[in-house]
Structures are given as structure tokens and as C-alpha cells.
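Take a look at the structure below.
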Amino acid sequence: MTTAKALSESALAARVADPGLWAGDPHPHLARLRAEAPLARCEELGLPHFWAVSKHADVLRISRDPSTFCSARGVLLMDLERDLPKIPGALLYLDPPEHATYRRLLNPAFSTSKMRALEADTRARARALIEQVPEGEPVDVVAKLTVPYPLLVIADLLGAPGEDWPRFYEWSDVMIAAATVIDDASIAVLAEMGGYFLDLVAQRRGDPHDDLVTMLCHADIDGQVLSDEELMMFYGQLLVAGNETTRNLLSGGLVTLSEHPEQWQLLRDDPTRLPVAVEEMLRWSTPVISFMRTATRDVELRGRQVREGDPLLLLYTSANRDEDEFGPTADRFDVTRDPNHHVSFGFGEHFCLGAALARIEARVFFEELTARFATVVPAGPVERLESGVIAGITRAPLVFGR
């Protein structure tokens, strides 16, 4: 590909591989990508070659067809530059039918009825944290609220002591960082996490409780109990998925509502709007920025020839602002938007297992906050993670008022 247009397309695609894009405002660039090169081929020197998929319809098409667009060859861009080990139980990297076999083990623990049964304890966790928020003073809501809250909930789900949440926080962040670079320090931390959960497994095998650790350590596949490696992979994934997505949904929602006081007032005036509002917060913040798939055969997509072995980066953040799906108000935050076909939980085989829990956590959290505080306003610059995978907010000072 040598034409100026093709080179421009490649440069547009390459930009999404720069973590710095995501620490600022990526949306002007994503809007240009959707308009000028909705399926853009990156062929820049020094970067892995991949297709950037920026349109909602294309993200859905690819997500619906795991036989043509697989996960087993990698889900992160950095996977293209390393040998992927076979890790039993790594759900993100599994395709049917193996993916379904493992997922069936977890489905009962995340059923809608099971999640509803957690609501009272989840509300108690939220209320206890919110009661500690001072009125009229700047507070970093990430440190004070959105980090501990989902970790306390996931501790309850696992059956681990709630006071251990700071350790879960460290392990989760190390697992995220290790997806890019793994060193001796991160290996030591992950070994500490493994030892913690293996001790908990040993306890539950002798003294079963009604929790997820007990359920998994007594589960079996075709008569075989899960190995220690499989159990560690499950618990690690639950730590990351159980808090990273929810944490950044809550952080992003709070920051956005502080910038749109009229939307906060709508929720105070009518709390029944909150389930719909949570969907808009998911669309707007898109906690998981992107995941990758790989073509298993030659296929035509948007009039282009995608070859077997080509990686395709699904840009969920872009799909969630696609004008063709969300209309002329796609670039506006609107807590009354309904319907809202966002892809923040993914789609198809890999639809987020904990979506029901995340929705309950977010609804309860904002019910408690809007009931207590009349206003929320920014109190300083928001700091964001440089990552093309997680839309993380690392610091967000806000002031709440009554």
C-alpha cells in the first residue's frame, strides 16, 4: 500500500496503539477514524500490523462470529509480539467450545437471582463508604470511593475477608501491568496472590461456605476437579474483571456527572432513572477500551479483504460514540438515553460475565450518592491512565454539597 490515502489510513490506525492518546481526549481522533477510515489497516514500521475497527456494526459482526474471528491468538496488541502460553481457564483467550465449558462453571454464581441477593450487602458497603465523604471539601473519589467499593463487593462474593481489599487492589493492578510487562517484582506479587488463594481453597475444601471460592474448588469438568493453575486463573480474572470495570465505570460516571450538573439533578429528582443512566455512563466511559480478535480465514469486511491471521482491534470506545448507531446526539452525555445499545460489556461469546453485578453496584452507588448530596462539582484536574486497554481514572478530586 503506497498511496497517500493508504499512508494516511495507516497513520490514523497507528495512533490508537499509542497509550498517550487514551490519557487525554481520544474522541476527535476516533471520530476522524470513523469518518475517513472506519476499517483502517496499520502498516507502520515498528508497530504490529493490525486492522483498527471503529464502527459499532463491525464490532458487533466480529464479536458474533468467534469461528471467523478468534480470541485464542491474542486479545491485546502486545500479544502480537510475544509467544502466548496455553493458560487453562483464561476465559478471554478461549474460543468455543472450550470457552463455554469453563464459563458454565461460573454462570450459576453470576445469575440474576444470585446478584439480586447480594444487593442489600452491596448497598451497605456503598453507604458505609459514602457516609465518610466530607461535605464541601475536595475529595479524591477514586481513593475514597471507587477503588474500595467494588473490591469489598468482590471480596464478599469470593468469601474473603473484606479487610483484605487493599491486597486485592495491589494484585489486580499488578495483573493489569503484567499484561504489558512482567518482571521479577510482579512475579513475586502474583506468587503472593497465588499463595493467598490456595490457602483459602484449602480452608474451603475442609469447611465449605456459600461463596465463589467454595463453588469453584468443588467444581469439576467431566469428573475432574479444577487444577490449582485453573483456580488461580479464575480468581485472578475475577479480581481484575470484578473491580477494574466497575471502578472505572463509577469514576467515569462521577467525573462526567460533576461536569453535567443538570444530569445530576435529573437523577436526584427521579432516582428511577438510574438504571437507564447507568447504561449511559457505561457508554460514555467505556471502561474497557479495546480487545483484539484474529481472522481464522480470508473474509471480506466493509468491502476490504481481511486475510487469515490478520489481527483486528475492536475499538469499543469508538463504537460507543458511533453516529450511525447513536444518532446526532452520539457525542452528548444523556442519562435519559433509551434504548442504548452500547458495547461496554463486549458482545457475543465474551459478553461480560459480571455485567449484572456491575449494573447493581453502579445503580446502588449512585442511588446512595444522589440521595445524600445535592451537588457534585470538579475540584481539580482529573488524572487518567495511559492505556489502550483500560480507561482508568487514577485521581479525580470532586466536592460534594448538600
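In table form, for the structure just shown:
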| item | result |
| --- | --- |
| Residue check for residue 375: in contact with a strand residue (DSSP E or B) (Cβ under 6 Å, 6 or more places away or on another chain) and under 29 Å from residue 318 (Cα atoms) | no |
| Residues located in the range 248-292, provided they are crowded, with 20+ Cβ neighbours inside 10 Å, polar (S, T, N, Q) and over 18 Å from residue 331 (Cβ atoms) | 248, 251, 258, 290 |
| Filter result for the condition that a residue is touching a residue at least 40 places away in the same chain (Cβ under 8 Å) and closer than 20 Å to residue 273 by Cβ, over 377, 364 | 364 |
| Criterion (in a loop (DSSP other than H, G, I, E, B), within 21 Å of residue 390 (Cα to Cα) and either among the β-branched types (Val, Ile, Thr) or within 18 Å of the chain's Cα centre (by Cα) (or both)) met by exactly one of 75, 59 | 75 |
| Out of 370, 336, sole residue that is out of contact with any His (no Cβ under 9 Å at 6 or more places or on another chain), in contact (Cβ under 8 Å) with a residue 24 or more places away in the chain, surrounded by fewer than 19 Cβ atoms within 10 Å (Cβ to Cβ) and not aliphatic (A, V, I, L, M) | 336 |
| Strands (runs of 3 or more DSSP E) completely within the range 255-353 that count 3 or more residues being touching an Asp or Glu at 6+ places or on another chain (Cβ under 8 Å) | 290-295 |
| Pairs where the first residue, in the range 185-207, is under 14 Å from residue 232 (Cα atoms) and at pLDDT 90 or above and the second is among the aromatic types (Phe, Trp, Tyr) and surrounded by 13 or more Cβ atoms within 10 Å (Cβ to Cβ), C-beta under 6 Å, 6+ apart | 193/171; 197/235 |
| Residues within the range 293-303 that are exposed (fewer than 14 other Cβ atoms within 10 Å of the Cβ) and either at negative phi or under 20 Å from the mean Cα position of the chain (by Cα) (or both), tallied | 3 |
| Filter result for the condition that a residue is under 22 Å from the mean Cα position of the chain (by Cα), small (Gly, Ala, Ser) and surrounded by fewer than 19 Cβ atoms within 10 Å (Cβ to Cβ), over 396, 355, 379 | 355 |
| Where residue 284 falls short, out of the listed (1) in contact (Cβ under 8 Å) with a residue 60 or more places away in the chain; (2) of a type in the set (A, V, I, L, M, F, W, C); (3) touching a Gly at 6+ places or on another chain (Cβ under 8 Å) | (1) |
| Answer residue from the range 36-51, given it is touching an Asp or Glu at 6+ places or on another chain (Cβ under 9 Å) and among the hydrophobic types (A, V, I, L, M, F, W, C) and is surrounded by the most Cβ atoms within 10 Å (Cβ to Cβ) among those | 40 |
| Some residue of the range 41-54 being assigned to a helix (DSSP H, G or I) and within 20 Å of the chain's Cα centre (by Cα) | no |
| Helices (runs of 4 or more DSSP H) completely within the range 105-177 that count 1 or more residues being buried (at least 19 other Cβ atoms within 10 Å of the Cβ) and free of Cβ contacts under 8 Å to residues at least 12 places away in the same chain | none |
| Flag if residue 280 is within 27 Å of residue 172 (Cβ to Cβ), among the acidic types (Asp, Glu) and modelled with pLDDT of 90 or more | yes |
| Among (1) among the charged types (D, E, K, R); (2) under 17 Å from residue 258 (Cβ atoms); (3) in contact with a helix residue (DSSP H, G or I) (Cβ under 6 Å, 6 or more places away or on another chain), the one test that residue 338 misses | (2) |
| Flag for residue 71 being touching a residue at least 12 places away in the same chain (Cβ under 8 Å), surrounded by 18 or more Cβ atoms within 10 Å (Cβ to Cβ) and over 30 Å from residue 327 (Cβ atoms) | yes |
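Okay, residues lined up against (1) in contact with a strand residue (DSSP E or B) (Cβ under 9 Å, 6 or more places away or on another chain); (2) closer than 21 Å to residue 297 by Cα; (3) outside any loop (DSSP other than H, G, I, E, B); (4) modelled with pLDDT of 90 or more:
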residue	(1), (2), (3), (4)
13	yes, no, yes, yes
31	no, no, yes, yes
87	no, no, no, no
100	no, no, yes, yes
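The values are calculated or read from the model by the stated rules, or taken from the named source; none is laboratory data. Because the structure is a prediction, the values reported are computed rather than measured. Glycine also receives a Cβ, built like all others from the backbone with ideal geometry; neighbour counts cover every protein chain displayed.
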